[in-house]
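The values are calculated or read from the model by the stated rules, or taken from the named source; none is laboratory data. Remember, it's a predicted structure, so these values are computed and weren't measured experimentally. Neighbour counts run over all protein chains shown; Cβ positions are idealised from the backbone, glycine included.
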Amino acid sequence: MKLMSKLFCLPTVPLSFETLLNGCNEIIEDGVNGLIIPPKNTDLLKEKMRSMLENSPLRNQLKQHAREMIVSRYEQQQVWEALLEEYGRVMRCEM
């Protein structure tokens, strides 16, 4: 879901520590392409969500950077090449 939201230029706010453990911190750069809120910090969550609604320049910056990051990291050709390289290493027992 995080990758898809970034592909469609939607900034992301992960809401829990469990979410961060599942890889969001590899995709989301706080203040660059999304906002990361520490667990159980409802005041900060409310503040950041309000700023996303009210601050169009911030929202647009996060959206643009989100799209750029996903396209640059996950462009289909790069993914296929990385997979082929990894499979090649496995086949040659270079793990």
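Considering the stretch 33-77, the residues that are touching a residue at least 12 places away in the same chain (Cβ under 8 Å), of a type in the set (A, V, I, L, M) and part of a helix (DSSP H, G or I) include one that is surrounded by the fewest Cβ atoms within 10 Å (Cβ to Cβ), namely Val71.
Exactly one residue among Lys6, Lys40 is of a type in the set (Lys, Arg), on the phi > 0 side of the Ramachandran plot and at pLDDT below 85, and that residue is Lys40.
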